[in-house]
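Just so it is clear, none of the values below were taken in a lab; they were calculated from the coordinates. This one's a predicted model, so the numbers in the text were calculated from it and none came from an experiment. Neighbour counts run over all protein chains shown; Cβ positions are idealised from the backbone, glycine included.
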Amino acid sequence: MTNLKEERTLVVIKPDGVQRTLIGEIISRYEKSGLKLIGMKMVLPDEAFIQSHYLIDPEWRVKTGEKTIASYRKKGKTPPSEDPLKITEIILKNLKKYISSGPVVAIALILAAVFIPVAFNI
């Protein structure tokens, strides 16, 4: 089991959230849910940042590609490719373009209060 005292969560507010001035509202919601802000930084992401924060697992790529192809077919449309890996290549290209389109705010959060069970002798 993970040690909850040491577990951290990374939240990245993407360019549209920054542009729409939602940073304060987003932080407020996390704090109201019991998380505490321990670090925050605004960055203009480059390709290295994007690749280090998005899991590019081959299994994920296949599953995502297959789901996308199925979604196209369900809507009666022709997918851009029948190859799941080619589909996720397109998705990742668009994601990289979107994420690098403006500044993002990276926030590190931890649990504000950790429940520690106590044994009582009765």
Among M40, A70, W60 the positive-end extreme of the charge dipole of the chain (Cβ point charges): A70
Taking the 0 to 90 degree range and rounding to the nearest ten, how far is the long axis of helix 23-32 tilted relative to the main principal axis of the chain, both from C-alpha atoms? 50
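Suppose every Lys and Arg Cβ carries +1 and every Asp and Glu Cβ carries -1, with no other charges. What dipole size does the chain come out with about its Cα centre, to the nearest 20 debye? Numbers along the way, then the final one.
Values: 19 positive and 13 negative charges, 92 e Å.
Dipole size: approximately 440 debye.
In terms of the ratio Rg/(2.2 N^0.38 Å) built on C-alpha atoms, what value belongs to the chain? Numbers along the way, then the final one.
Working: Rg = 19.6 Å, N = 122, 2.2 N^0.38 = 13.7 Å.
Compared with the compact-globule rule of thumb, the chain sits at 1.43.
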Along the Cα→Cβ direction, 7 angstrom out, place labels at Q19 and K32. What is the inter-label distance in nm? 2.6
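How large is the Kirkwood hydrodynamic radius of the range 38-105, in angstrom, based on all distinct alpha carbon pairs? If you can, show how the numbers build up before the last one.
Working: mean 1/r = 0.0744 Å⁻¹.
About 13.4 Å, per the Kirkwood formula over Cα pairs.
Where does each of T21, T88 land when they are ranked from fewest to most other beta-carbon atoms within 10 angstrom?
Values: T21 8, T88 23.
The most exposed by this proxy come first: T21, T88.
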Against the longest principal axis of the chain, how steep is helix 84-99, in degrees 0 to 90 to the nearest 10, with axes from Cα atoms? 60
